[in-house]
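Engineer: My structure is below; once you've seen it, I'll send some questions.
The values are calculated or read from the model by the stated rules, or taken from the named source; none is laboratory data. Everything quoted here is computed from the prediction, not taken from an experiment. Cβ placement follows ideal geometry from the backbone for every residue including glycine, while neighbour counts extend to all protein chains displayed.
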Amino acid sequence: MRIGASDQWGAPRAAREAHIKSMVSLISVKQLYKRYAQVTAVNGLSFDLHDGEIFAMLGPNGAGKTTTIRILMDILTADGGEVAVLGGSPRAAKKRVGYLPEERGLYQNMLVLDVLIYLAALKGWRRQAARRRALDLLERVDLADRANAKVRELSRGMQQKLQLLAALINDPDVVILDEPFQGLDPVNVESVKALLKDFRRAGKGIMLSSHQMNLVEELCDRILLVDHGQALLYGDLSAIKHEFAGHTVRLRTANGLPDALPGVRWREENNGTWTLALAANVSPQQFLADLVEHHVSVTLFETEAKPLAEIFVEVVKGEQNA
């Protein structure tokens, strides 16, 4: 939810907090700080990644996302705060973490299969086990027929899929992905989505950063929106979308609607379903209560959720104009 906002989601807050406490925290970040000369890139960030979830860190360019990821991967050292990965230091957890970096880089003259076997061996896998896993992953993303091709012979999209497999080759407990869908066509996006969903079902944790809001909205359980190194939104994605639900509602009734509806800017009917735009000072909950008070028998009532992309723009621009 919006940082500092009250909790207005439908489910009881205590029940949600109890559920979250029952989950295992694979990554825990508390009051993280990182400065470069006069620039504070990360400014007091706190968040968790739980087992069996896909978690997105979002924000405009330069918001501090990549810096945070590099701290989690032990590439950079924080200037303040606490970071735990799989219950210990980022360095101690390295062999159990997969990473798709912002800057792509594969051994261009190696064979596709050999690259994956080599990277698995670096994480402690035996060659035969690594070969079996590599062939299975290549099959999953339709690259099995390119196993004996050189990396440089692959298209950009194929190399992107191979880079993702490199992050998953050691069957990590946590995978951190920076723009995992970059350069993929719709067919390949679907195969990658299926792979990530299977990873989540296995109880693993996925943390990703992406500018493709439609895919974040489809895949992710929780999000963190950052700007200038600070958290602006954090929490369950469905709760955040509920908080930002617009003033447009859809409803059905058993006995029609009154001609006069105070607080309604316009309305239209389509096959028995009414769409109504409410005035800015009228909440959907207030409008529903007024309908019930006037003995309107409501059989369907729902608010129209804003796309995550619109929420992103609204929050970031609102913060910049504050």
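Engineer: Output the residue which, of all residues in segment 270-298 that are over 21 Å from Phe244 (Cβ atoms) and assigned to a strand (DSSP E or B), is modelled with the lowest pLDDT.
Structural biologist: My answer is Asn270.
Engineer: Here are some conditions: (1) free of Cβ contacts under 8 Å to residues at least 24 places away in the same chain; (2) within 30 Å of the chain's Cα centre (by Cα). Ala305 meets all but one. Which one does it not meet?
Structural biologist: Among (1) free of Cβ contacts under 8 Å to residues at least 24 places away in the same chain; (2) within 30 Å of the chain's Cα centre (by Cα), Ala305 violates only (1).
Engineer: Turning to a different aspect of this structure: Looking only at segment 270-284, decide whether some residue is closer than 30 Å to Leu32 by Cα, surrounded by 14 or more Cβ atoms within 10 Å (Cβ to Cβ) and within 30 Å of the chain's Cα centre (by Cα). Before you say what the answer is, go through the steps one by one.
Structural biologist: As a first pass, look at segment 270-284 and keep what is closer than 30 Å to Leu32 by Cα: none.
For segment 270-284, residues closer than 30 Å to Leu32 by Cα, surrounded by 14 or more Cβ atoms within 10 Å (Cβ to Cβ) and within 30 Å of the chain's Cα centre (by Cα): absent.
Engineer: Next question, about the same structure. Of the residues in segment 138-188, how many are acidic (Asp, Glu) and touching a residue at least 40 places away in the same chain (Cβ under 8 Å)?
Structural biologist: Our first condition is that a residue be acidic (Asp, Glu); within segment 138-188, this holds for 139, 142, 145, 153, 171, 173, 178-179, 185.
With touching a residue at least 40 places away in the same chain (Cβ under 8 Å) added as a condition, the list becomes 142, 173, 178-179.
Adding up the residues that qualify gives 4.
Engineer: Another question, if that's okay. Out of everything in segment 21-36 that is within 8 Å of His50 (Cα to Cα) and at pLDDT below 95, what residue ends up being surrounded by the most Cβ atoms within 10 Å (Cβ to Cβ)? Quick ask: steps written out before the conclusion?
Structural biologist: Step one: list which residues in segment 21-36 are within 8 Å of His50 (Cα to Cα), which gives 23-27.
Restricting the remaining residues to those that are at pLDDT below 95 gives 23-25.
Working: Met23: 14, Val24: 14, Ser25: 17.
Only one residue tops the list, namely Ser25.
Engineer: Only one of (1) of a type in the set (D, E, K, R); (2) surrounded by fewer than 17 Cβ atoms within 10 Å (Cβ to Cβ); (3) more than 19 Å from Ala202 (Cβ to Cβ) is not met by Arg132, so which one is it?
Structural biologist: (3)
Engineer: Still on this model: Looking only at residues that are of a type in the set (Asp, Glu) and touching a residue at least 40 places away in the same chain (Cβ under 8 Å) in segment 206-246, which one is surrounded by the most Cβ atoms within 10 Å (Cβ to Cβ)? Show your work before the answer.
Structural biologist: So the first thing to find is which residues in segment 206-246 are of a type in the set (Asp, Glu), and the list is 217-218, 221, 227, 236, 243.
When the remaining residues are screened for being touching a residue at least 40 places away in the same chain (Cβ under 8 Å), the result is 217, 221, 227, 236, 243.
Values: Glu217: 17, Asp221: 15, Asp227: 21, Asp236: 18, Glu243: 18.
Per the criteria, the residue is Asp227.
Engineer: Within the bounds of segment 138-150, is there any residue that is crowded, with 16+ Cβ neighbours inside 10 Å, at pLDDT 95 or above and either among the basic types (Lys, Arg) or not assigned by TED's automatic domain parsing to the domain that holds Arg104 (or both)?
Structural biologist: First, the residues of segment 138-150 that are crowded, with 16+ Cβ neighbours inside 10 Å: 138, 140-141, 143, 146-147.
Applying the additional criterion that residues be at pLDDT 95 or above yields 138, 143, 146-147.
Narrowing further to those that are either among the basic types (Lys, Arg) or not assigned by TED's automatic domain parsing to the domain that holds Arg104 (or both): 146.
The answer is yes, given that some residue of segment 138-150 is crowded, with 16+ Cβ neighbours inside 10 Å, at pLDDT 95 or above and either among the basic types (Lys, Arg) or not assigned by TED's automatic domain parsing to the domain that holds Arg104 (or both).
Engineer: Quick check on this structure: which one of Leu119, Leu106, Leu137, Leu113 is outside any helix (DSSP H, G or I) and among the aliphatic types (A, V, I, L, M)? If you could, list the steps in order and put the result at the bottom.
Structural biologist: On the way: Leu119 fails: outside any helix (DSSP H, G or I); Leu137 fails: outside any helix (DSSP H, G or I); Leu113 fails: outside any helix (DSSP H, G or I).
So the residue among Leu119, Leu106, Leu137, Leu113 that is outside any helix (DSSP H, G or I) and among the aliphatic types (A, V, I, L, M) is Leu106.
Engineer: Looking at segment 31-70 only, could you name the residues that are touching a strand residue (DSSP E or B) at 6+ places or on another chain (Cβ under 6 Å), of a type in the set (A, V, I, L, M, F, W, C) and without any contact (Cβ under 8 Å) to a residue 60 or more places away in the chain?
Structural biologist: If the condition is that a residue be touching a strand residue (DSSP E or B) at 6+ places or on another chain (Cβ under 6 Å), of a type in the set (A, V, I, L, M, F, W, C) and without any contact (Cβ under 8 Å) to a residue 60 or more places away in the chain, then Leu32 is the only one that fits.
Engineer: Take segment 44-66 and flag every residue that is more than 17 Å from the chain's Cα centre (by Cα) and at pLDDT below 95.
Structural biologist: Residues of segment 44-66 that are more than 17 Å from the chain's Cα centre (by Cα), as a first pass: 44, 62.
Once the filter is applied, which keeps residues that are more than 17 Å from the chain's Cα centre (by Cα) and at pLDDT below 95, segment 44-66 yields only Gly62.
Engineer: Moving to a separate point now. Residues Val264, Val249: which one is buried (at least 19 other Cβ atoms within 10 Å of the Cβ), over 17 Å from the mean Cα position of the chain (by Cα) and farther than 27 Å from Ala56 by Cα? Break it down into steps so the answer makes sense when it comes.
Structural biologist: Details: Val264 fails: buried (at least 19 other Cβ atoms within 10 Å of the Cβ).
Answer to the check: Val249.
Engineer: Anything in segment 186-206 that is at pLDDT below 95 and in contact with a Phe, Trp or Tyr (Cβ under 7 Å, 6 or more places away or on another chain)? List them, or say none.
Structural biologist: Residues satisfying the conditions are Val189, Val192.
Engineer: Could you tell me how many of the residues in segment 207-228 are in a loop (DSSP other than H, G, I, E, B) and at pLDDT 95 or above? Quick ask: steps written out before the conclusion?
Structural biologist: Taking segment 207-228 first, the residues in a loop (DSSP other than H, G, I, E, B) are 210-212, 220-221, 228.
Then drop every residue that is not at pLDDT 95 or above, which leaves 220-221.
Result for segment 207-228: 2.
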